[in-house]
């Protein structure tokens, strides 16, 4: 009842302070989604440990990381020409044979693709049965075309894109101390034939 009685006051507040009210709404939304930062970090460490010494594929290398996940990782980025990028393949048509890799990571790339589900299908093609996949993209984040910025996906949306994989963990997390910088992640496994 109290919540209903406060709605008119919040609408008035929103008219006078639209930016502040938007931040409040983002904070509420994030609270509903949940901030699984520690669980995300644990799952990512588990994923990286799973891939140690195995053939692994990394699509894109984030600027702030500036390196591959490990010596056994093959890095692919269509546009990045930094020295540690191994191939400039198009994610929709990777030159690798079917079932080449035990692990595939794709972080902060899907939002830049016109057809993320087609890209995930290509990652599925090069992943071995029993192999693991890591998908991550921003959820609450500013537009950042490079060259384009098309998508944001909630955990539920990411589950739809990754529906062919067995989910190990999927969620959202804040990667900065603000509700305006959050991401979603999917950690999964390809079914055995």
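Quick note: the coordinates plus some simple rules give every number you see, no bench work behind them. It should be emphasised that the depicted structure is a prediction, and the values quoted were computed from it without experimental measurement. Here Cβ is always computed from backbone atoms with ideal geometry, including for glycine, and neighbour counts include all displayed protein chains.
Report the extension gain between residue 65 and residue 191 in nm, rounded to one decimal, defined as 0.36 nm multiplied by the number of residues separating them, less their alpha carbon distance.
Separation in residues times 0.36 nm, less the Cα-Cα distance, equals 42.3 nm.
Can you sort 187, 92 by how many other beta carbons sit within 10 Å, fewest first?
Fewest-to-most Cβ neighbours within 10 Å comes out as 92, 187.
Using a basic spin-label model with each label point 7 Å from the Cα along Cα→Cβ, how many nm lie between residue 84 and residue 38?
2.9 nm
When a/c is below 1.5 the answer is rounded, else prolate if a/b is larger than b/c, else oblate, so apply that to the range 59-162 with a ≥ b ≥ c taken from the square roots of the Cα gyration tensor eigenvalues.
In terms of gyration-tensor shape, oblate.
How far is it, in nm, from the label point at residue 125 to the one at residue 154 when both lie 7 Å from their Cα along the line to the Cβ?
With each label placed 7 Å out from Cα toward Cβ, I get 3.2 nm.
Based on the Cβ-Cβ distance from residue 49 to residue 166, what FRET efficiency comes out when R0 is 22 Å, to the nearest 0.05?
With R0 = 22 Å, the Cβ-Cβ based efficiency is 0.75.
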